[in-house]
């Protein structure tokens, strides 16, 4: 039994998600990622249950573990009560802790995800903050969103929202005291430290590549190598 | 047309409804033993080329059954016809002969 | 299809949903894209049905989206959840209703993990005290807001002005339901009707006069995938999964789609736009898409709310053909007005999607 | 005086044991809850591995019980041990004092509708192995002729969520047999078997597998994950072809679920009254796993057949005969000294 496997087993999600896998493939059969990426959750579970650290390390450095969409559809189907999705989540956490996430294209996306989502949480109290959701970065949000963005305060008023205002309601301004509590939670549960590590690893990489932070963000936001796909 | 910056991903799903059965039946007429494969992997395990290239009789037969004949031909491209797989096949399939027939029917 | 067979399964998944007195927690995505849906939920439950649904401005995101994008540790998200629960307790409630499906699934998962590993629960309780000086508590009943609308579906039907019926033919509308993956796929017993044939939306549609259409990819994820959407380079995954669903439902010719997850209606709506603009393909009638609704919007429509009060002008797929089909009146001139009647201008027209 | 032996269950185990005991000169009383004798065998058409008609076997069994007092449509309402004999009250009002009891309560078929994702009882084309045997037995045909048919192994077996982690032993061979019979009836149809491991352990079973392969039946190593109905009313079936590590889909006209074996409810009812112990899988536990397989912990109470776990028919017959011998020895040692 290897050290990486031991660290994985400390994760509650792995303890809950890994019983003995019989390689039946019910997870892969309906997995959204297995259809649209080069990905087979069954094989991931099998690799982890073999407890071979060399193979686990390879996984932690690979793009493979970042393909899952965490829909957890696999959980319903497994006849052995495994949860491939939870195992993936544990692998991702370990990949971040060990720094291995920086070795794959999909893993390096962590920089931007950590930055944007947690900026929203710590500054506004939301994962998604309507005002920060920009049409330019989200053309698929449609021309109707372009209109919403342009008239966002009017639209929220019209639709019973309370955008950035006091008191309860949709997209209200969450009091600073509550945001401070979120920050304290981040500090004592390891989120602040994790975000700092992800940030430093990304900035170091940007420097290596001779890119500004903005250029680096643009790169990881848009790049998509054909190797992820099936044909 | 708008360039959204991403596009559809190809599906990996094998659609058995679309597997070309006719060609496979003509192979089976010539090589009835192709039906006897039980996917044990003895051929792949003993394959000389398989140690260096993605070569496998087992996978080639499976690809043909799944209607993926291009994959099947590719999986046999590096075969040197050494015949080790024929020696080890527990179902007595003349794999060497089978490989030649597959190349004949599916090869370009 | 044997309807009786589904009824037998529904009978086995009876979830206990208290009648009244809830602590309400909003959804990040629903607030951003469907603020009127949450407003409608509160208006129906509080003002039309006279229920006590309490909201405090002090609650926050549950952190679920950041967590499922792998950007915060499990312990962090659990402590944020504990804070939400503690607020409920502080304001004197024990029934918790949330607007978000990701939250709902995460609450179920968290409470199950706490149950299995009491030492973890203890640690979270300590974290909560250290960070917020709040007393740890757990809800007695945890429901999703769609569970509540399901519970009140008959009362809503009794107050309805319209039915989900084609006014010209008298035929029930053909409705596709889409359930958020985290509603019951992890814990089938936590969802009305279980995981394979959830009844929560079916029950609403049936009560309001529509007919449910089952199709092969009904259970398939909309393709949100958290990081698979937030990063532009990954969005092919998200698009491809929705595309797969629409290709599968197309032969069934649905009139509309109803959803209970806040993200799914956004994706099912917007990916139709992308498919139309890139492939020239549309799934509704005459170049239109299939309109996608939240359950609050559908409840609002049958109860006679003005479609523009429900925020249907912020959908990309136009809803007018469906409103015409049901016979719901709307004023086109008011579609793009602000609160005080100020004209906000019109969005650009898509090139392909009508 | 002849000793009374009560046999509970009129399936293959109960019938064969009754026949042997009656030939040995015992007064055998057999109680069967169903209208007709034969248990699941009476509902089957042909048997693996050689497709012997089930009726032939059943007729042979019935020939052997001419001297047995058979009560059909009869439940055991109550049973208890008095001193060293058993007192049983049957639902037909008859009370029996028996010196030994053979429990041959067999198995119940796993309720396939519990695997909700397969849609049994919801999607029209989904049926079970038992339904398929009935179709064969009644000589019915599917019309129009199916273009594609699938067989799903391990339905409610090797499945912790379905409450049955164990293998039901007979389903692989049954699936392969039914697949061959289907292919014989509809040679143009594509026939698929979805399996996890092919457990063709018995004599001639592997031959059956080879025969199926030669007939062109396609074996896909992957458990079916979900089934849905298409707009044409056909079945869309999804699995992973684990040998090529890719998801697979196929449209079928019929899908046959190999429902596994669960402990018999009626058997449990008797077991509870006598405090018989069951193992984690719900089947009765023998006194030990090797030398006293037919004995329960209760003196005078014996087991035969699938009430102690999934069995093939030959296994069941061996058990029935050895149970009869154990009973004979027990009576001789305890009642004839």
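Quick note: the coordinates plus some simple rules give every number you see, no bench work behind them. The shown structure was predicted, so the numbers you read here are calculated from the model rather than taken from an experiment. Please note: Cβ atoms are built from the backbone with ideal geometry, for glycine as well, and neighbour counts cover all protein chains shown.
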What average number of partner chain Cβ atoms lie no more than 10 Å from the Cβ of the residues making up C:53-61?
-> 6
MRE, 222 nm, helices only [DSSP H, n ≥ 4, -39500 (n - 2.57), over chain D, to nearest 500] | -8000 deg cm²/dmol
By average Cβ neighbour count within 10 Å, what is the ranking of B:88-95, C:171-178, D:212-219 from highest down?
-> C:171-178, D:212-219, B:88-95
Mean Cβ neighbour count within 10 Å, used as a protection proxy, ranking D:66-78, D:124-136 highest first | D:124-136, D:66-78
How many percent of the alpha carbon pairs in the protein assembly as shown exceed a separation of 54 Å?
-> 25 percent
Gyration tensor (alpha-carbon) shape descriptor, chain D, a/c threshold 1.5 | prolate
In what sequence do D:123, A:39 fall when counting other Cβ within 10 Å, fewest first?
-> D:123, A:39
Segment C:232-251 and segment D:144-172: distance between their alpha carbon centers, rounded to Å | 31 Å
Inter-probe distance in nm under a simple model that places probes 7 Å from Cα toward Cβ, at residue D:298 and residue D:94 = 2.0 nm
In Å³ per residue, the alpha-carbon convex hull of segment A:32-157 encloses 150 Å³
Where does chain B land at 222 nm, in deg cm²/dmol rounded to the nearest 500, when only DSSP H runs of n ≥ 4 count, each adding -39500 (n - 2.57), divided by all residues?
-> -12500 deg cm²/dmol
Taking only Cα atoms, what is the 0 to 90° angle, nearest 10, from helix D:205-214's long axis to the longest principal axis of chain D?
-> 20 degrees
Whole Å is fine, so just give me how far the alpha carbon centre of segment B:34-108 lies from that of segment D:197-242.
-> 22 Å
Mean-position separation - Cα centroids, segment C:268-291 and segment D:302-332, in angstrom | 66 Å
Each residue of D:230-243 has, on average, a number of other protein chain C-beta atoms within 10 Å of its C-beta equal to 6
What percent antiparallel are the DSSP beta bridges of the protein assembly as shown, to the nearest 5?
-> 35 percent
Could you tell me whether segment D:138-234 comes out rounded, prolate or oblate from its Cα gyration tensor? Rule is a ≥ b ≥ c as square roots of the eigenvalues, rounded for a/c under 1.5, then prolate if a/b exceeds b/c, otherwise oblate.
-> oblate
Prolate/oblate/rounded call for segment A:3-106, Cα gyration tensor, a/c under 1.5 rounded | oblate
Taking the Cβ of each residue in A:74, B:43, A:21 as the centre, tally the other Cβ atoms inside 10 Å and list the residues starting with the fewest.
-> A:21, B:43, A:74
Inverse of mean 1/r across different Cα pairs in segment C:226-275, Kirkwood, Å | 11.6 Å
Based on the inverse mean of 1/r over its pairs of different Cα atoms, what is the Kirkwood hydrodynamic radius of chain A, in Å?
-> 20.0 Å
Using Cα atoms only, what is the angle between the long axis of helix D:171-185 and the major principal axis of chain D, expressed in degrees (0 to 90) to the nearest 10?
-> 50 degrees
Least to most buried among B:68, A:117, D:185, D:30 (fewest other Cβ within 10 Å first) | D:185, B:68, D:30, A:117
Ordered by packing density, taken as the mean number of other Cβ atoms within 10 Å over each peptide's residues, highest first, how do C:341-347, A:102-108 rank?
-> A:102-108, C:341-347
Looking at chain C, what % of its DSSP beta bridges pair antiparallel, to the nearest 5?
-> 10 percent
Using only Cα atoms, tell me the angle between helix B:95-106 and the longest principal axis of chain B; keep it within 0 to 90° and round to the nearest 10.
-> 40 degrees
What is the list of residues in segment D:11-51 whose amide nitrogen lies under 16 Å from a point 7 angstrom out from the Cα of residue D:2, following Cα to Cβ?
-> D:17-31
Rg to Rh quotient for segment C:147-334, alpha carbon positions, Kirkwood Rh = 0.95
For C:36-46, mean number of other protein chain Cβ atoms within 10 Å = 3
